[in-house]
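These notes concern the structure reproduced below.
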Amino acid sequence: MLDNKLLKGKAVADHITENAIEDVKKLKSMGIIPTLAMVKVGHKFDDEAYERAAKKRCDRCGIETKSIELDENCTQEEYIEAIQKLNDDIEVHGILCFRPLPKHIDEEVIEKVIKVEKDLDCFSPMNMAKVMFGDEMAYPPCTAMGVIEILNFYKINLSGKKVAVLGRSLVVGKPLSILLINRDATVTVCHSKTENIKEITKNSDIVVSCMGRAKMINKDYINENSIVIDVGINFDDEGNMCGDVDLDSVIDKVSAITPVPGGVGAVTTSILISHLVRACKKINNI
Ligand code: NAP
């Protein structure tokens, strides 16, 4: 495998983490202890894995964490009460709500309860609106922002570039397309009803896949200069983690690509802590 074509996430995450460590030191010297609260309902494997990873990165930076664990049968009122308590807690600077919430809790109600200033992963529609307006002080969804940070870190110019975003979910595809437009890219957003995806991706400079379709993107979807960002996290028939892109098929053809695992997924928690540090500074008027 051509290692120099791989846009690895670790270097990006380390860079962001080093900056956060310095910021946390300064905040602590002022008597402020940056604190992240994570709220989960029940025991979901994915939530718990992400929580462990986030806690590990927070520990490395000197950030305090609070884990709020609600019973899987908790009521909507109990969930709201937990969020309001964190909204009002002056020692908490950021809140991460693990989603999707159980069906009996209405996300459209909860998204309006979380305080915008503490909403680190763009749960609040107000934060999404700020992303739309190109407000750099917004907190875009961590995964979407992770893609932007990877492109920044590897000095991949976006201005005037044709970017195909495959997927239009509220957590990845849609906000990412806005972040790219705000950076002067020309963006085509594809979804399950899009016709001729191959033609669109082949004619793009950058392809970002966030569909959740294991190894769907092969060499027929790309050109010799393609830069491919693979957001997908899937499992193949052998149970191995893989992305939306068939790495073996495309590696000789692409110009550069993020691996799975070790690409976008490796960056997400570092974005979370950078948002937390920013929220902490803002709340304290620093
Ligand atoms: P999602 O809500 O299921 O959205 C998937 C999107 O892909 C939808 O817009 C869907 O189109 C589109 N799509 C599905 N099949 C398609 C096809 N065959 N052709 C074209 N478009 C297709 O998923 P998500 O939450 O955005 O997550 C997407 C992937 O990213 C998943 O693999 C997830 O595990 C991964 N992910 C990774 C991270 C990370 O840190 N790396 C974080 C979050 C998510 P429609 O809208 O028409 O249905």
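Alpha carbon centre of the range 152-172 versus the range 204-271: separation in Å? Taking the Cα centre of the range 204-271 as reference, the centre of the range 152-172 is 13 Å away.
A crude spin-label estimate for the pair residue 281 and residue 152, with each label 7 Å from Cα along the Cβ direction, gives 1.1 nm. Per residue of the chain, the DSSP helices (runs of n ≥ 4 H) give a summed -39500 (n - 2.57) that works out to -11500 deg cm²/dmol at 222 nm.
Surface calculation, 1.4 Å probe, protein heavy atoms: residue 88 sits at approximately 120 Å² accessible.
Taking 0.36 nm per residue of separation and subtracting the Cα-Cα distance, what length does fully extending residue 104 through residue 202 add?
Gain on stretching residue 104 to residue 202: 31.0 nm.
Which of the helices in the chain meet the span-like rule: DSSP H, Cα axial reach of 20 Å or more, Kyte-Doolittle mean at least -1.0? Answer set is 9-29, 268-283. Structure remark: mean-square fluctuation, Gaussian network model of the chain, C-alpha springs under 10 Å; the largest value among 218, 87, 196 belongs to 196.
Given 0.36 nm per residue, what is the gain on full extension from residue 55 to residue 255 after removing their alpha carbon distance, in nm?
Working: separation 200, 0.36 × 200 = 72.00 nm, distance 3.46 nm.
Value of the extension gain: 68.5 nm.
With the simple model of a label 7 Å out from the Cα in the direction of the Cβ, residue 241 to residue 80 spans 3.7 nm. For residue 265, neighbours were defined as the other residues whose beta-carbon sits under 12 Å from its Cβ, and their charges (Lys and Arg +1, Asp and Glu -1) total 0. For residue 60, the solvent-accessible surface computed with a 1.4 Å probe is close to 120 Å², ligands and nucleic acids excluded.
The accessible area of residue 71, taken with all protein chains in place and a 1.4 Å probe, comes to roughly 100 Å².
The values are calculated or read from the model by the stated rules, or taken from the named source; none is laboratory data. Since the structure is predicted, the reported quantities are computational estimates derived from the model, not experimental observations. Glycine gets a Cβ as well: all are built from the backbone with ideal geometry, and neighbour counts include every protein chain shown. The protein model used for the area step is the full one, side chains on, heavy atoms only, and it has no ligands, DNA or RNA in it. Shrake-Rupley method; radii C 1.70, N 1.55, O 1.52, S 1.80 Å.
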